[in-house]
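Beneath this line is the structure, given in structure tokens, with notes to follow.
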Amino acid sequence: MASEESTTMTPAPTRPQAPARTHAADGTAEKKPPTRAWATRLVIVGIILAALNLRPAITSLGSLMEEVRVGLGMSGTLAGLLTSVPPLCFAIFGVMAPRLARRFGPSAVVCAGMAAIATGLAIRPFLGGTVGFLAASALALMGIAVSNVLMPVIVKRWFPEKVGSMTGLYSMALALGTSTAAAVTVPMTDALGGNWRTGLAVWAVLAVVAVVPWVPLVRDRGAGSPASAVAASAGHVPAAVRREDADLRITRSRTAWALACFFGLQATAAYITMGWMPQIFRDAGVPAGEAGVLLAVTMAMGVPLAFVIPRVATRLPHQGPVVMVLGACGLAGYAGLYLAPAGGAWVWALLLGVSNCSFPLALTMVGMRAKSGAGVAKLSAFAQSTGYLISIPGPILVGVLYQHSGGWELPIVLMAALMVPQIVVGVLAGRNRTVEDEVAAAA
């Protein structure tokens, strides 16, 4: 993948024909060809629609978990396994994203990812049995996985000087899709006849819409496309920089490992929340519809904060203070769930919603901890794939503890305990350094 990214040219007022310039990794000025305005606008629309589709497959299932468990005859442990399928798929398929992007282009891979999401969501409720449900879910989650990894790459490629703003926009749309699916799945299922299969399948429609803007981006190979612009400008990139990108051994970076652990622990908290929080409230006496709305409130907190936090993070030399604030909110929310789950349900939902904004913070740090597009691609794939592997045991263990203890006290204690190392590794990942420099120093 090319090491320098293209962006839209803005002519200087006194020199209309002067091309926009950026600086390569060695500090030399580098010309950047213009991109077509329509393509830039289409990328923005595509990013928003793609982000809207990256969580409904998960949160819609969380809202109907009890109905799905009964309908498919699953035990609590098996349901916990089901909530761990997303991070498992993200880890397995996410690592493939950089290689696929190099061969087919990031836009083509995201387009295929949206199609996989649509297909998986449409067929999974109707295949019959747990095995078919899991297989179709894996197809949808494969599409989510590659899109997860490539979104920071696309942002870095098209908007290299607006990483914070565009990551915030993408994260805000992701949070909106997450919260909307949590809020409306139960009432929409009731409106469609009360069949949980229909209530889950209807989300495929949104994924079909998300395919549309990526199709012309896949076919666009003209001079204005970012792919051709990067290729055309490759000769301007110093050989030393290209060699640094090609030889970047990401596992030698301590920051990369810290970011991967932070990503994994925040994902653990997020998937436990999405998969089990409605059930925690329902077992405490909260009606099913209200429990779904509470999950939606938790996810909706990410809509404004996912836009604000990346912008704040990019202005700070160290993102550790943001990590600590989000972690403190998580600990307070878990304490509330333990002591009075129904009495202060709305407060705990709000606090956990703030804590869950560790995800856009992690994405922002991915873009900040690498110098080039190739570095971001490798760091994003490593941090997300490794992180999601780390997150797999958490939801399963919550299901096991819930089934064998008969209550939520032990699972909630586990959730709170995991928040402490999340804060520690988040502070380490937030230090002002890049993986390229760390790898060079280690070598």
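The values are calculated or read from the model by the stated rules, or taken from the named source; none is laboratory data. Computed from a predicted structure; not experimentally measured. Cβ placement follows ideal geometry from the backbone for every residue including glycine, while neighbour counts extend to all protein chains displayed. All accessible areas refer to the heavy atoms of the entire protein, side chains included, with ligands and DNA or RNA removed. Shrake-Rupley method; radii C 1.70, N 1.55, O 1.52, S 1.80 Å.
Which residue is modelled with the lowest pLDDT, if the candidates are limited to segment 367-405 and must be under 13 Å from Val153 (Cβ atoms) and among the aliphatic types (A, V, I, L, M)?
Here the residue is Ala374.
Is it the case that segment 45-62 has a residue that's under 30 Å from Val400 (Cα atoms) and at pLDDT below 75?
Looking for residues that are under 30 Å from Val400 (Cα atoms) and at pLDDT below 75, one finds at least one in segment 45-62, hence yes.
Among residues belonging to segment 427-437 that are of a type outside the set (Ser, Thr, Tyr) and open to solvent by less than 30 Å² (accessible area, probe 1.4 Å), point out the one that is farthest from Phe281 (Cα to Cα).
Per the criteria, the residue is Glu436.
Taking the residues in segment 78-131 that are of a type in the set (Ser, Thr, Tyr) and farther than 27 Å from His404 by Cα as candidates, determine which candidate is farthest from the chain's Cα centre (by Cα).
Once the filter is applied, the top-ranked residue is Thr119.
Criterion first (open to solvent by less than 20 Å² (accessible area, probe 1.4 Å) and either at pLDDT below 85 or closer than 15 Å to Leu363 by Cβ (or both)) does Pro152 satisfy it?
When the stated conditions are applied, Pro152 passes them.
Looking at (1) closer than 30 Å to Met65 by Cβ; (2) in contact with a Leu (Cβ under 8 Å, 6 or more places away or on another chain), which is the one condition that is false for Val366?
Here Val366 clears every test but (1).
Just checking, how many residues over segment 98-129 are of a type outside the set (Phe, Trp, Tyr), out of contact with any Gly (no Cβ under 9 Å at 6 or more places or on another chain) and at negative phi?
Result for segment 98-129: 12.
Being open to solvent by 40 Å² or more (accessible area, probe 1.4 Å) and not hydroxyl-bearing (Ser, Thr, Tyr) narrows it down to one residue among Gly177, Gly194, Gly164; which is it?
Gly194
In segment 281-295, which residue that is open to solvent by 10 Å² or more (accessible area, probe 1.4 Å) and assigned to a helix (DSSP H, G or I) is nearest to Arg369 (Cα to Cα)?
Among residues in segment 281-295 that are open to solvent by 10 Å² or more (accessible area, probe 1.4 Å) and assigned to a helix (DSSP H, G or I), the one nearest to Arg369 (Cα to Cα) is Val293.
What are the pairs with Cβ atoms under 9 angstrom where one residue, in segment 120-135, is polar (S, T, N, Q) and the other, located anywhere, is surrounded by 15 or more Cβ atoms within 10 Å (Cβ to Cβ) and not in a helix (DSSP H, G or I)? Sequence gap at least six, or different chains.
Partner pairs satisfying both residue conditions: Thr130/Met74.
Quick test for you: out of Ala260, Ala234, pick the one residue that is surrounded by fewer than 18 Cβ atoms within 10 Å (Cβ to Cβ), closer than 28 Å to Pro98 by Cα and either at pLDDT 85 or above or over 17 Å from the mean Cα position of the chain (by Cα) (or both).
That would be Ala234, the only listed residue that is surrounded by fewer than 18 Cβ atoms within 10 Å (Cβ to Cβ), closer than 28 Å to Pro98 by Cα and either at pLDDT 85 or above or over 17 Å from the mean Cα position of the chain (by Cα) (or both).
From the set of residues in segment 185-204 that are assigned to a helix (DSSP H, G or I) and either among the acidic types (Asp, Glu) or without any contact (Cβ under 8 Å) to a residue 24 or more places away in the chain (or both), which is nearest to Ala313 (Cα to Cα)?
Top of the filtered list is Met188.
When you look at Val439, is it among the hydrophobic types (A, V, I, L, M, F, W, C), more than 19 Å from the chain's Cα centre (by Cα), at pLDDT 90 or above and assigned to a helix (DSSP H, G or I), yes or no?
No.
When segment 182-214 is examined, which residues are found to be within 19 Å of the chain's Cα centre (by Cα) and at pLDDT below 85?
The one that is within 19 Å of the chain's Cα centre (by Cα) and at pLDDT below 85: Ala182.
Looking at Ala24, Ala37 in this structure, which one is modelled with pLDDT under 70 and small (Gly, Ala, Ser)?
Being modelled with pLDDT under 70 and small (Gly, Ala, Ser) holds for just one of Ala24, Ala37, which is Ala24.
Is it the case, given these coordinates, that Val109 is buried (at least 20 other Cβ atoms within 10 Å of the Cβ), β-branched (Val, Ile, Thr) and without any contact (Cβ under 8 Å) to a residue 60 or more places away in the chain?
For Val109, the condition - buried (at least 20 other Cβ atoms within 10 Å of the Cβ), β-branched (Val, Ile, Thr) and without any contact (Cβ under 8 Å) to a residue 60 or more places away in the chain - is met.
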